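The values are calculated or read from the model by the stated rules, or taken from the named source; none is laboratory data. Here the structure is a predicted model, which is why all the values come from computation and not from measurement. All Cβ positions, glycine included, derive from the backbone under ideal geometry; neighbour counts span all protein chains shown.
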């Protein structure tokens, strides 16, 4: 080992660049061990990340790769292999991000499409809308449950084949939804579609972590999350206009076309992003042909270099047992549940109150769409600004808990939005006021979504898929529960009281964020590194 390499290892050890436990010293002299124990992308829970190098540290950074500004440490440290996704071009990386984000758009879009078609379906099949809504509930539940399975399979098989096969089945079940001639057939298609369509929505953080450096990730999560948050509003918006003139299956044929387009993009452009940097470039497993990577043949041949199937399953459970992840998921469930509740029942509130028809309801959904776009623009600067301010004040160091500070910007908007929304419905305020109040809540939830995903990814980047899946599960299970009694609750207590209680729950949940800011670091130290076989 050269003096320069020794200096780089000492610096990495002192800097504490995270991913679960920087520089776990292990005996890798054995020629049969190809994995190096030193992982420059990891950090000590007790020290956090070192992001920015000042002039005094520059001499100690010999051997470490920095960004173009000459100060920002690249985390993870890229290899010298051209096949390393961190070394891909800007255009290729962002094409991958767009495809993953676009496919992430489908699950909630399709779910919300079903919410709008309930009434015409009930009329066609001679059922009550409430009974037809069982297909909707099953679909929403599977959006969360399917994501947990996605990350288990991805940890064993790799990213690309799981996306391909799940999206292929999602496309087929979307066509099944459109062509169903009975409720039983439609319900089966909806449940299966929910399970398979969630592949990129639940596993999106894996791709962000694989191809982007730490200092880039918050903005990329912001882009990916905006597709997810906007999708349940685009579904009713477009479907309302479709069903105003055409039969309900047309809305699902549009959904099928979207899935088919996503499948074409995946087949043509998406690539395997998993790369084990602990294996020297010369010893990396053969990538195989494009088709072999797509269907999973190449990944199957190199499966011995990743997790066993038992390890892949256990790591998902292990992540949920982490106190910081569990508290983050609980906060998300308590605050996001009302998104699904409002979205699936909105027409039942505004139709009698304002006399809205399908077309007017469709126009009304422009409100949350605009709110998400504005929140994405604000978040593009907010999350990085909070991080950079902390880094400047702490001599280049960064702690994951800093990401949670953005929640204090979003929480007041969520609380005020819900309180005023209840007032609007009960006091029959003008629909423009109702629109603004709804937008406040949606704006806030978008900011909170990026903050929570960034925090969990920064805390456990080696578990990017698992934290993504559990956060997705928590938001969908919360909405799954609330959608059952949102309307009956409002009818029993009035919207002023029911929405006020929802706002109070959001306010009380903020205590969880305070706990994480106060004790999150000590919780991570107590829990220790995950020490997974692969990232």
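Structural remarks
- Filter pass, residue 356 being part of a helix (DSSP H, G or I), buried (at least 16 other Cβ atoms within 10 Å of the Cβ) and out of contact with any strand residue (DSSP E or B) (no Cβ under 7 Å at 6 or more places or on another chain): no
- Only a single item in (1) surrounded by fewer than 17 Cβ atoms within 10 Å (Cβ to Cβ); (2) within 19 Å of the chain's Cα centre (by Cα); (3) modelled with pLDDT under 85 is not met by residue 380, and it is number (3).
- Residue match in the stretch 416-431 (condition: assigned to a loop (DSSP other than H, G, I, E, B) and either crowded, with 24+ Cβ neighbours inside 10 Å or touching a residue at least 40 places away in the same chain (Cβ under 8 Å) (or both)): yes
- Selection status of residue 317, within 30 Å of residue 506 (Cβ to Cβ) and out of contact with any helix residue (DSSP H, G or I) (no Cβ under 8 Å at 6 or more places or on another chain): yes
- Some residue of the stretch 484-504 being under 23 Å from the mean Cα position of the chain (by Cα) and either assigned to a loop (DSSP other than H, G, I, E, B) or at pLDDT 90 or above (or both): no
- Taking (1) out of contact with any helix residue (DSSP H, G or I) (no Cβ under 8 Å at 6 or more places or on another chain); (2) part of a helix (DSSP H, G or I) in turn, residue 375 satisfies each apart from (1).
- The condition of being surrounded by fewer than 19 Cβ atoms within 10 Å (Cβ to Cβ) and in the same structural domain as residue 450 (by TED's automatic domain parsing) holds for only one of 184, 283, 272, that being 184.
- Residues (within 18 Å of residue 208 (Cβ to Cβ) and out of contact with any helix residue (DSSP H, G or I) (no Cβ under 6 Å at 6 or more places or on another chain)) located in the stretch 461-497: 462
- Meets criteria (part of a helix (DSSP H, G or I), at pLDDT 90 or above and surrounded by 14 or more Cβ atoms within 10 Å (Cβ to Cβ)) for residue 334: yes
- In this entry, residue 349 is excluded by the filter for residues that are part of a loop (DSSP other than H, G, I, E, B), at pLDDT below 95 and farther than 27 Å from residue 74 by Cβ.
- Breaking point among (1) assigned to a helix (DSSP H, G or I); (2) touching a residue at least 40 places away in the same chain (Cβ under 8 Å), for residue 184: (2)
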